[in-house]
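Following: one structure in structure tokens, then a few remarks.
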Amino acid sequence: MTHRLTIITLLLALCVSLYFVNSGSHAAPAAQTWEYKVQVKKCNDEKTLNALGAEGWELTTYSQWPVAMSTVDTCVFKRPK
């Protein structure tokens with residue numbers, strides 16, 4: 001009977017210690033850092049977008065600005081550093 005009680009106590013202690021080891025605080029993953037590229041010219045054509053995409057750039061913002069009876073395209077791209 002004493003051996004059973006000892007074994008049960010040891011198993012219980014092992015389970016409790018494993019619980020606390022596994023539930024400990026883990027370090028948060030490092031924040032992703034980004035590299036940005038601003039392109040001010042015609043940047044909304046398929047050839048340009050595909051070329052930049054092949055280099056890992058992702059289009060995040062596209063806008064057109066009226067300038068002297070025309071428009072200027074502005075594209076902002078990002079990719080992981």
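The values are calculated or read from the model by the stated rules, or taken from the named source; none is laboratory data. The shown structure was predicted, so the numbers you read here are calculated from the model rather than taken from an experiment. Don't worry about glycine lacking a Cβ; one is built from the backbone with ideal geometry, like all the others, and counts go over all protein chains shown.
If the Cβ limit is 7 Å and pairs must be 6+ apart or interchain, which residue in segment 58-76 that is surrounded by 10 or more Cβ atoms within 10 Å (Cβ to Cβ) pairs with which residue that is among the basic types (Lys, Arg)?
Filtered contacts from segment 58-76: GLU58/LYS78; GLU58/ARG79; THR60/LYS78; ASP73/LYS41; ASP73/LYS42.
Just to be sure I understand the filter: pairs with C-beta atoms under 8 Å, separated by 6 or more residues or on different chains, first member in segment 29-46 and modelled with pLDDT of 90 or more, second member part of a loop (DSSP other than H, G, I, E, B) and surrounded by 11 or more Cβ atoms within 10 Å (Cβ to Cβ). Which pairs pass?
Every condition considered, the pairs that remain are LYS37/TRP57.
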